[in-house]
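The values are calculated or read from the model by the stated rules, or taken from the named source; none is laboratory data. In this text, all values refer to a predicted model and were calculated from it rather than measured experimentally. Every residue, glycine as well, gets a Cβ built from its backbone with ideal geometry; the counts of neighbours run over all protein chains shown. For accessibility, only protein heavy atoms count, side chains too; no ligands or nucleic acids. Shrake-Rupley method; radii C 1.70, N 1.55, O 1.52, S 1.80 Å.
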Number of protein chains: 2
Amino acid sequence: MSTSPKPTRLTLDPEELLAAAVAQAELGAREGGIPIGAALFAGNGDLLGSGRNRRVQHDDPSVHGETDAFRAAGRQRDYRSTVMVTTLSPCWYCSGLIRQFNIGAVVIGESVTFTGGHEWLREHGVDVTVLRDQHCIDLMTEFIETQPDLWNEDIGVAD
Amino acid sequence: MSTSPKPTRLTLDPEELLAAAVAQAELGAREGGIPIGAALFAGNGDLLGSGRNRRVQHDDPSVHGETDAFRAAGRQRDYRSTVMVTTLSPCWYCSGLIRQFNIGAVVIGESVTFTGGHEWLREHGVDVTVLRDQHCIDLMTEFIETQPDLWNEDIGVAD
């Protein structure tokens, strides 16, 4: 008989974790890309990997912030104790990643400019923390206002 | 006022489309990788891109068959008329990709050895065709029997 794993509970400071994702979003903005960053942390607070949306930089539609951070962390055997931190509510693509690999906790910089699947993740047992970080909101607000076509392309909204 | 887009309906032969994904799965198997392949087709049957799971080959946990095919297709402005073909029922990560980018139709080689999110996709308006391709079943059955640890790693099942 198998026993259910203990649920993950975030014990780290979400604002501290967010800083790593924000740094990636800012770097993406300076590169002319979509300003969304992410980072994957171990349960003890060690940074496993960080990344950013690189649709523009690499001309690659498959690289969202979360998938880039997940890739940078390399092959892990168990994600239950890890924390995915992202500057923006994760889209369905990235929410699916979090659910499939059983990432235990998610910290979100803001869900004001875009709402993805974080409520769905919560329903499926993920410990979700949604912040309302004004810097994250400002980064996305400016980007969406100045480059709406690129933003719609990135979230699959057709003309 | 916006009007709802017309629903996509698969008008191509699913078995013919599947051949491109199977070829990728077989190539992956010969490379020592996880034998799952995928292909993205335009609505008129043109192949936009194909790919395969490359966790082993590239030591990259972010490359599933569907995400590799999606990347190979490059940046597309509208996925509603496209068809994602995969040898295996798409996991939540790949199901999330399909939903986020509004891929209109999905063809699945088999859902016997693994069931991902294809019913969820159907509920959200995706035209889903599930085949029961014996060659796809055989590829995965042999792989799961001989390399269960690698398979569990790929779908996020911890020990």
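Below, the figures for the structure above:
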quantity	calculated
Computed over chain B: relative contact order in percent, which uses C-alpha pairs under 8 Å that are six or more apart	19
Leading residue at positive end of dipole, chain B (Cβ point charges), from B:His118, B:Val85, B:Thr8	B:Thr8
Top of A:Thr113, A:Thr129, A:Thr11 by mean-square fluctuation, Gaussian network on chain A, Cα under 10 Å	A:Thr11
Axis-proximal residue, chain B, for the rotation superposing B on A (Cβ, Å)	B:Gly96, 1
Average beta carbon contacts from partner chains per residue of B:98-104, 10 Å cutoff	6
Inter-chain shielding of B:86-97 (mean C-beta neighbours from other protein chains, 10 Å cut-off)	5
Alpha-carbon centroids, segment B:92-113 and segment A:32-100: separation in whole Å	20
Nitroxide proxy distance, nm - points 7 Å out along Cα→Cβ at B:Asp60 and A:Asp59	1.6
Helix-only [θ]222 nm of chain B, DSSP H runs n ≥ 4, -39500 (n - 2.57) each, per residue, nearest 500	-11000 deg cm²/dmol
Chain A, accessible surface, carbon-and-sulfur percent (1.4 angstrom probe)	47
Residue-span extension gain [A:Phe114 to A:Arg132] - 0.36 nm each, minus C-alpha spacing	5.3 nm
Average beta-carbon neighbours from other chains, 10 Å sphere, peptide A:115-124	1
Lys, Arg +1 and Asp, Glu -1 on Cβ, resulting dipole of the protein assembly as shown about Cα centre, debye, nearest 20	200
Accessible area that becomes buried as B packs against A, both chains, 1.4 Å probe, Å², nearest 100	3300
Mean accessible surface per residue for the protein assembly as shown, computed with a 1.4 Å probe while every protein chain stays in place, in Å²	42
Computed over the protein assembly as shown, the ratio Rg/Rh where both radii use C-alpha atoms and Rh is Kirkwood	0.96
